[in-house]
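The values are calculated or read from the model by the stated rules, or taken from the named source; none is laboratory data. Note that the coordinates shown come from a computational prediction; the quantities given were computed from them, not determined experimentally. Virtual Cβ from ideal backbone geometry, glycine too; neighbours counted across all protein chains shown.
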Amino acid sequence: MVNLEVNIGGLNLKNPVTTASGTFGFGEEFTDFIDLNSLGGIFVKGLTLKNREGNDYPRMAETASGMLNAVGLQNKGIDYFINTIYPGIKDYGTEIIPNINGSVVEEYVEVAEKLNDVAGINALELNISCPNVKEGGMAFGVSCPSAIAVTSAVREVFQKPIIVKLSPNVTDITEIAKGVEGAGADAVSLVNTFLGMAIDANTKKPILSTITGGLSGPAIKPIALRMVWQVYNAVKIPVVGIGGIMNATDAIEFMLAGASAIQVGTANFIDPQVSVKIIEGIKEYCQNNNISEVSTLTGGLIL
Amino acid sequence: MKQVQDFSVVDYHRLNADNYILTLSSDASIENVNPGNFAEIKIPDAPEVFLRRPISILEVDQKAKTIRFYIKAIGKGTKKLGNLAIGSSVNIVYPLGNSFTILRQKRVLIVGGGSGIAPFIMLASKLKKENTDVTFLLGARTKNDIFLTDEFSNYGEVLITTEDGSLGEKGLVTQHSVFSNNFDFNHIYTCGPDPMMKAVAKIANDKSISCEASLENMMACGIGACLCCVTPTINGNQCVCTEGPVFNTKDLQW
């Protein structure tokens with residue numbers, strides 16, 4: 001028997017496989033394909049205080065081994081989530097982890113305050129790394145003082161674990177990680193998408209309505225893996241690894257680099273059953289390698 | 001229920017250099033499919049094609065366990081999909097999206113432009129069962145771009161326009177005489193290029209009849225998770241993959 005349980009800064013997950021915000025809706029979109037109860041957790045679509053319509057179409061461009069998106073946090077607002085969506089998903093036997101966003105610190109705080117009172121919500125992901133909004137979003141995550149400010153402010157009103165989602169679009173991601181650790185983050189998740197761009201040579205126009213967007217998929221995996229390894233060596237809080245994970249081997253690599261859990265993102269678009277396949281694959285790897293506790297994989301890189 | 005299912009290639013029917021009908025078969029049973037539904041097809045052995053391709057479903061045959069797609073090879077995905085060996089395995093996610101309203105005992109006009117004809121054979125077959133009288137209006141650049149007229153004619157009169165006049169009336173579909181003569185249709189279904197559908201929707205609006213259009217936005221997931229394929233509607237941005245692809249044109253803010 002392999003014990004697949006992991007702990008992310010006080011949040012217990014039945015296994016290290018979760019789904020990344022913005023790639024898995026609110027989970028309901030996948031119930032025809034998989035048993036949501038089998039997942040370690042679901043990081044649900046990014047939430048803001050008020051309804052947001054997101055950016056104009058086109059919001060997506062396929063790239064070599066990946067894709068760009070410029071959705072821009074389309075969502076119906078935190079109250080709609082709490083009152084209408086959450087009651088329909090709260091009874092699944094998996095952690096539902098809201099991903100929260102704001103254009104100013106006060107918005108993050110107000111959203112976090114509302115979630116603090118929701119029974120069954122045991123953690124939140126603080127998104128300071130969305131590259132697709134004009135105000136806030138990634139702006140908070142690319143400077144140390146603002147990353148610290150928003151984390152400290154949310155820390156004051158949210159009593160459960162806070163996982164801060166970091167942007168890779170920085171000079172030194174370990175500085176930001178250390179900053180939010182000092183500000184009270186219980187864990188960090190990384191990486192969000194890389195700022196990228198696609199051009200149609202025939203029309204000489206950008207493909208995305210926003211000109212730039214966030215790059216995801218296997219194209220970014222080696223960079224994400226490097227950043228997870230660097231951050232793991234720089235902070236004491238757990239790291240959740242994200243970035244182009246397509247299969248169990250990718251997930252195990254992230255754990256060896258230092259991730260305590262992982263998020264499956266863009267791969268959900270290619271195979272809606274991939275998250276469950278990754279859980280099975282990790283279990284099989286552990287069995288084949290006589291590993292009884294999956295958590296011992298974390299940071300197991302042999303140098 | 002939506003499924004991820006393995007099929008194998010049983011036949012290509014080549015319509016011309018760029019257009020083909022792909023028939024896939026499965027060992028497992030075929031899900032119920034409604035007119036307008038589409039599938040997300042994984043292009044096999046093509047690492048350069050990262051995402052699945054959303055393709056409208058032409059027809060399914062539950063007994064033969066086959067599913068057919070009409071495909072115009074315009075990009076690397078649809079080109080690759082047109083050149084697989086017979087017997088190749090193809091993984092699809094289906095049936096996705098909503099479907100056209102099936103009207104009973106009405107007179108309807110179905111307007112298809114270019115490759116936007118795929119959903120209309122299944123639609124016409126369902127309409128015929130409901131004693132609805134169907135007329136097709138197909139438009140393309142030349143006669144070489146008009147396909148499946150034999151299949152359409154099983155279900156109703158087929159009117160044609162070509163931009164060069166090589167078949168049917170010369171001009172755009174919206175210039176066809178059917179719109180100026182004794183126009184007595186109750187409803188229009190349309191699928192094709194956006195400018196054509198917008199023009200058709202305007203005619204429907206001017207004539208105070210309802211119109212449904214099937215949109216073809218670029219998609220990633222096809223199941224309402226990524227929110228990439230949105231179109232603006234009176235109810236905000238909606239996903240073409242789940243709230244569509246079929247929309248009442250009155251709801252669209254093109």
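May I ask you to say which residue of B:52, B:14 is surrounded by 21 or more Cβ atoms within 10 Å (Cβ to Cβ), charged (D, E, K, R) and at pLDDT 95 or above? Walk me through it before giving the result.
Values: B:14 fails: surrounded by 21 or more Cβ atoms within 10 Å (Cβ to Cβ).
Step by step, each of B:52, B:14 is checked, and only B:52 is surrounded by 21 or more Cβ atoms within 10 Å (Cβ to Cβ), charged (D, E, K, R) and at pLDDT 95 or above.
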Being among the acidic types (Asp, Glu), surrounded by fewer than 22 Cβ atoms within 10 Å (Cβ to Cβ) and under 24 Å from residue A:220 (Cβ atoms) narrows it down to one residue among A:62, A:53; which is it? A:62
Taking the stretch A:91-131 and keeping residues crowded, with 20+ Cβ neighbours inside 10 Å, polar (S, T, N, Q) and farther than 27 Å from residue A:31 by Cβ leaves A:129
If residue A:243 passes every condition in (1) under 18 Å from residue A:13 (Cβ atoms); (2) more than 14 Å from chain B (Cβ to nearest Cβ); (3) buried (at least 24 other Cβ atoms within 10 Å of the Cβ); (4) not charged (D, E, K, R) but one, which one does it miss? (1)
Output the residues belonging to the stretch A:162-177 that are within 27 Å of residue A:121 (Cβ to Cβ) and either polar (S, T, N, Q) or surrounded by fewer than 21 Cβ atoms within 10 Å (Cβ to Cβ) (or both). A:167
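Restricting to strands (runs of 3 or more DSSP E) lying wholly in the stretch A:145-199: which have 1 or more residues that are of a type in the set (Ser, Thr, Tyr) and in contact with a strand residue (DSSP E or B) (Cβ under 6 Å, 6 or more places away or on another chain)? If you could, list the steps in order and put the result at the bottom.
Numbers: elements: A:162-165, A:187-190, A:194-197.
Because the criterion is at least 1 residues that are of a type in the set (Ser, Thr, Tyr) and in contact with a strand residue (DSSP E or B) (Cβ under 6 Å, 6 or more places away or on another chain), the strands (runs of 3 or more DSSP E) in the stretch A:145-199 that meet it are A:187-190.
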Looking only at the stretch A:37-46, how many residues end up being under 13 Å from residue A:97 (Cβ atoms) and either more than 12 Å from every other protein chain (Cβ to nearest Cβ) or surrounded by fewer than 20 Cβ atoms within 10 Å (Cβ to Cβ) (or both)? 4
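Does residue A:33 qualify as being within 17 Å of the chain's Cα centre (by Cα), of a type in the set (Phe, Trp, Tyr) and either within 11 Å of chain B (Cβ to nearest Cβ) or in a loop (DSSP other than H, G, I, E, B) (or both)? Walk me through it before giving the result.
Values: within 17 Å of the chain's Cα centre (by Cα): no; of a type in the set (Phe, Trp, Tyr): yes; either within 11 Å of chain B (Cβ to nearest Cβ) or in a loop (DSSP other than H, G, I, E, B) (or both): yes.
Taking the combined requirement at face value, the residue does not satisfy it.
Just the residues that are of a type in the set (Asp, Glu) and either away from chain A (no Cβ under 14 Å) or in contact with a Ser or Thr (Cβ under 7 Å, 6 or more places away or on another chain) (or both), please, taken from the stretch B:34-73.
Applying the first criterion (of a type in the set (Asp, Glu)) to the stretch B:34-73 yields B:40, B:45, B:48, B:59, B:61.
Scanning the stretch B:34-73 gives B:45, B:59, B:61.
Of A:68, A:49, which residue is touching a residue at least 24 places away in the same chain (Cβ under 8 Å) and either within 14 Å of another protein chain (Cβ to nearest Cβ) or within 27 Å of residue A:236 (Cβ to Cβ) (or both)?
Values: A:49 fails: either within 14 Å of another protein chain (Cβ to nearest Cβ) or within 27 Å of residue A:236 (Cβ to Cβ) (or both).
Result of the check over A:68, A:49: A:68.
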Count of residues meeting criterion [within 11 Å of chain A (Cβ to nearest Cβ), over 25 Å from residue B:122 (Cα atoms) and without any contact (Cβ under 8 Å) to a residue 12 or more places away in the chain] in the stretch B:199-237: 5
Among the residues of the stretch A:197-228, count how many are more than 14 Å from every other protein chain (Cβ to nearest Cβ) and surrounded by 20 or more Cβ atoms within 10 Å (Cβ to Cβ). 4
Can you find a residue in the stretch A:10-22 that is more than 9 Å from every other protein chain (Cβ to nearest Cβ), on the phi > 0 side of the Ramachandran plot and surrounded by fewer than 20 Cβ atoms within 10 Å (Cβ to Cβ)? yes
